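Input: a single structure, listed below in structure tokens.
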Amino acid sequence: MSAYELTRVVKIIQITLYALTIILGSAGNSMVIWTIWLRLKPNATNVWLVNLAVADLVFCISRILSVISLHLHQWPFKDLLCQVNGLVKYTTMFCSIFLLVVISADRALSIWRPLQAKGRRTVSMARVVSVGVWVVALALSMPYAINRTTDLNVNNKTKCTMETMESKRVRACLFLMRFLFGFLLPFLVIACCYALAWWGIRRSHLNRKAKILRTLVLLVLAFFLCYAPYHVLLLVKMVNKKNNWVRLGLPVAKGLSYFNSCVNPILYFCVGMDRRKTFRRSISGALRRALEDDGIAPVTKGGQTGREGVKFQNQRAKDENVNEKL
């Protein structure tokens, strides 16, 4: 296969991943927002999940500009839209990742300190945290938007890029900041929190223990598999920009990282799917069941609390009381 044909195949794969992200992400995250808004009572977890779905939804819709650019082999829009597109992309990306960190920390805390967490996990607190996450994400995204501009590539086509920056030091700092705050640190926190949650659940007597553990593993694996290739290749690009792995692999890895924005709804649906019912009958309740099946058992509008989540919290509370008496 010639270099031209290989490049063409890579572009087709990239466009396919972008299109899947837009279609599945828009539909899936809209369904999550609808399910939480209409079927579940407001609580801290649901506030964070709604904000996560909103961030992913905006990210997915904004990728339409990227698909148009790839199809036309150039950036057909104005310089201002190039910067706005970068701002939206990085703000929603950072926000989504940081909210995953918040949710994972909340789950670990709710399992190991259920009574303390219950008193502090209010809807108002969750809204304040969510606003803080959006503000931090916006602040981190500003340098990427400011340094983004249009330029001509080797084929005399207009592209939207940050590679025109004169200072290599500034460019390296932006790459490292994206690697640290967009992957490494969040992944370490998420992995540690879910490891603690795993340990706590294994010590419990929950009937759905295997299902919850499987969900936690899938969430961590999805985050790692979607983001790791992209950030590894970005680091390689800093050292050797002309590396063939970077030239061919980075576009596909970028599409894979975008795909993470539609992974969570897919996982929620698969976990909540009732195999004893038909697909049509299961789809309406699958997301609701999955969102109720996390380690903290959100309350539904029917007024019922997940009994197993309460059972585990009560058991943890009894254990703490025994330890205090000893």
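None of the figures in this text is laboratory data; all of them are computed from the coordinates on show. In this text the structure is predicted, and so the values were computed from the model without any measurement. As a convention, Cβ positions derive from the backbone with ideal geometry for all residues, glycine included, and neighbour counts pool all protein chains shown.
List of remarks:
- Summary of packing: across the peptides 113-123, 180-190, the per-residue average of other C-beta atoms within 10 Å ranks them, highest first, as 180-190, 113-123.
- Packing-based ranking, highest mean first, of 46-54, 216-224 given that Cβ atoms within 10 Å are counted: 46-54, 216-224
- Over region 49-101 - Rg/Rh using Cα atoms and the Kirkwood inverse-distance radius: 1.06
- Ranked for footprinting exposure by Cβ neighbours inside 10 Å, fewest first, D151, D106 give D151, D106.
- Multiplying the residue separation of L185 and I146 by 0.36 nm and subtracting their alpha-carbon distance yields 11.6 nm.
- Backbone phi angles across region 248-265, fed through the Karplus curve with coefficients 6.51, -1.76 and 1.60 (θ = phi - 60°), yield HN-Hα couplings of 9, x, 4, x, 5, 5, 5, x, 5, 5, 5, 4, 4, 5, 10, 6, 4, x Hz in residue order; Gly and Pro are listed as x.
- Cβ-to-Cβ counts within 10 Å put E5, E166 in ascending order as E166, E5, the fewest first.
- Rough spin-label spacing in nm, given labels placed 7 Å along Cα→Cβ, for K11 and C192: 4.5 nm
- Taken about its Cα centre, region 122-253 carries a charge dipole of about 400 debye when Lys and Arg each add +1 at the Cβ and Asp and Glu each add -1 at the Cβ.
- Rounded if a/c under 1.5, otherwise prolate or oblate - region 96-143, Cα gyration tensor axes: oblate
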